[in-house]
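Taken together, the values in this text are just the output of simple stated rules run on the coordinates, not laboratory data. In this text, all values refer to a predicted model and were calculated from it rather than measured experimentally. Because the Cβ atoms are built from the backbone with ideal geometry, glycine has one as well, and the counts that use them run over all protein chains shown.
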Amino acid sequence: MLVGGGVASAADTITLAQLDRNEGGHPNQESIPGYTDLAREIPRDFPVPTYAHDLAASNFMPVARLQGVTAAQAAAFYPPVLERQGWTIRRQTVQPGFFGLVACPKTGRCVNLTAASPNGPVKPIGLKLVFFTRSALP
């Protein structure tokens, strides 16, 4: 639930690692020798809404999918949360049924985030996070 006119509070936010543990996962466990259950390149502290669920993350690529987050919810949640945590939003797209952004912290891995709603223009529905290392950007 969003409070204060659509701005997420700290209470509305958990991390990817917390969500993984809440769903019975072990983000830093090596179920396959050399590979943690949540790929090492996925920031454990990346914020997600408390209502997100069904985390599906790669153990070797920096990609994760979540359910329970519509495009409108992502558009209301992520810009203020990321800005509050010191991330810079480099690009943002808002369309009916679709939201996307590219954001980078001061140091660390950037994210290409997309959210698609049911009956929207993009499939599959849900939230997709693709993390990447920022190269020389202005």
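Remarks
- Size estimate for the range 41-81 follows the Kirkwood approach: the inverse of mean 1/r over distinct Cα pairs works out to 11.2 Å.
- Shape class of the range 55-118 from the alpha-carbon gyration tensor: oblate, with a/c at 1.5 or above and b/c at least as large as a/b.
- Normalised contact order of the range 74-118, rounded percent, pairs of Cα under 8 Å and 6 or more residues apart: 30 percent
- Distance in nm between pseudo-label sites at Gln29 and Lys123 (7 Å out along the Cβ direction from Cα): 3.4 nm
- Amide hydrogen neighbours beyond the local backbone of Thr15, cut-off 5 Å, H modeled: Val48
- Placing +1 on each Lys and Arg Cβ and -1 on each Asp and Glu Cβ, with no other charges, gives the range 7-90 a dipole about its Cα centre of roughly 200 debye.
- At the listed q of 0.09, 0.10, 0.15 Å⁻¹, the Debye profile of the chain, built from one uniform point per Cα, gives log10 I(q)/I(0) equal to -0.25, -0.31, -0.72.
- 0 to 90° range, to nearest 10: angle between helix 71-84 axis and the chain longest Cα axis: 70 degrees
- Relative contact order computed over the chain (Cα-Cα under 8 Å; 6+ residues apart), in percent: 19 percent
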